[in-house]
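Student: Structure incoming, see below.
The values are calculated or read from the model by the stated rules, or taken from the named source; none is laboratory data. Note that the coordinates shown come from a computational prediction; the quantities given were computed from them, not determined experimentally. We place every Cβ from the backbone using ideal geometry, glycine too, and count neighbours over all the protein chains shown.
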Amino acid sequence: GDSVTQMEGPVTLSEEAFLTINCTYTATGYPSLFWYVQYPGEGLQLLLKATKADDKGSNKGFEATYRKETTSFHLEKGSVQVSDSAVYFCALSSLDDMRFGAGTRLTVKP
Amino acid sequence: DSGVTQTPKHLITATGQRVTLRCSPRSGDLSVYWYQQSLDQGLQFLIQYYNGEERAKGNILERFSAQQFPDLHSELNLSSLELGDSALYFCASSVEGTIGSYEQYFGPGTRLTVT
């Protein structure tokens, strides 16, 4: 079945550092891809999405590009802030299912 | 605040018992999704309802069931509870019914502890 594998954490960075969280997927069809963020004590929030190959999703300085040739959807941000500390989930959806990666905890230190 | 409400916030119960979790979607959203988040299995999609009808089924156990009522709120029923059912249960809602096509808004979750 479809699955998502993302970089294990935790990841600790200093403020203004560059962030990459790797995500690869396995899917039989043409899924949509997502990054969700979960702040402590809260539900998930959609960060960005891409629905077809070569699409780039972006939001709040975060970006990810849907790469069909490498089956990847890596999350990047050029300069992280303390407020970006959270757990990040890569996910894919097909017509009738949604699969999440294990989550990557990011801590940004001042 | 996503606009999705879930009750109760916390629930502690014993093995073998049955509980009901409740979710009210955002105003205007027709679709409701249920997810389970546990340390063992991560975040798993359980089931989706759209305008009162079951639309998609994920990794939902036979001991679990859900329904969506005419006012669009949804309930997740968990029965014959086991220790391994201890988890955070999230509800999400979206405007339409195709998973992934429309943004899902997540509630704050219900933390279930089975002792």
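Student: Would segment B:54-77 turn up any residue that is modelled with pLDDT of 95 or more and in contact with a helix residue (DSSP H, G or I) (Cβ under 7 Å, 6 or more places away or on another chain)?
Tutor: no
Student: Can you tell me which residue within segment B:72-115, out of those that are in a strand (DSSP E or B) and more than 14 Å from the chain's Cα centre (by Cα), is farthest from B:Ser24 (Cα to Cα)? It would help to see each step written out before you state the result.
Tutor: Residues of segment B:72-115 in a strand (DSSP E or B): B:74-78, B:87-94, B:105-106, B:110-114.
Applying the additional criterion that residues be more than 14 Å from the chain's Cα centre (by Cα) yields B:113-114.
Values: B:Thr113: 22, B:Val114: 24 Å.
The selected residue is B:Val114.
Student: Limited to segment A:15-43, what total is found for residues that are more than 19 Å from A:Ser94 (Cα to Cα), part of a strand (DSSP E or B) and within 11 Å of chain B (Cβ to nearest Cβ)? Give the derivation first.
Tutor: Kept after step one, since they are more than 19 Å from A:Ser94 (Cα to Cα), are these residues of segment A:15-43: A:15-22, A:37-43.
Next, from what is left, pick out any that are part of a strand (DSSP E or B): A:19-21, A:37-38.
After this cut, where a residue has to be within 11 Å of chain B (Cβ to nearest Cβ) as well, the list is A:37-38.
Counting residues in segment A:15-43 that are more than 19 Å from A:Ser94 (Cα to Cα), part of a strand (DSSP E or B) and within 11 Å of chain B (Cβ to nearest Cβ) gives 2.
Student: Considering only segment A:58-73, I want to know if a residue exists there that is free of Cβ contacts under 8 Å to residues at least 12 places away in the same chain, under 13 Å from the mean Cα position of the chain (by Cα), assigned to a strand (DSSP E or B) and more than 10 Å from every other protein chain (Cβ to nearest Cβ).
Tutor: Yes; the residues of segment A:58-73 include at least one that is free of Cβ contacts under 8 Å to residues at least 12 places away in the same chain, under 13 Å from the mean Cα position of the chain (by Cα), assigned to a strand (DSSP E or B) and more than 10 Å from every other protein chain (Cβ to nearest Cβ).
Student: Would you pick out the residues in segment B:74-115 that are surrounded by 17 or more Cβ atoms within 10 Å (Cβ to Cβ), farther than 17 Å from B:Gly58 by Cα and free of Cβ contacts under 8 Å to residues at least 60 places away in the same chain?
Tutor: B:Ser86, the sole residue that qualifies.
Student: Under the condition of being of a type outside the set (Val, Ile, Thr) and more than 19 Å from A:Leu33 (Cα to Cα), which residue from segment A:78-104 is nearest to the other protein chains (Cβ to nearest Cβ)? Steps first, answer last, please.
Tutor: Start the filter on segment A:78-104 by keeping residues that are of a type outside the set (Val, Ile, Thr), which leaves A:78-79, A:81, A:83-86, A:88-103.
Pick out the ones that are also more than 19 Å from A:Leu33 (Cα to Cα) and you get A:78-79, A:81, A:83-86.
On the way: A:Gly78: 24, A:Ser79: 26, A:Gln81: 22, A:Ser83: 18, A:Asp84: 19, A:Ser85: 19, A:Ala86: 13 Å.
Checked segment A:78-104; the qualifying residue nearest to the other protein chains (Cβ to nearest Cβ) is A:Ala86.
Student: Quick check: anything in segment A:35-55 surrounded by fewer than 13 Cβ atoms within 10 Å (Cβ to Cβ), in contact (Cβ under 8 Å) with a residue 12 or more places away in the chain and of a type in the set (Ser, Thr, Tyr)?
Tutor: Looking for residues that are surrounded by fewer than 13 Cβ atoms within 10 Å (Cβ to Cβ), in contact (Cβ under 8 Å) with a residue 12 or more places away in the chain and of a type in the set (Ser, Thr, Tyr), one finds none in segment A:35-55, hence no.
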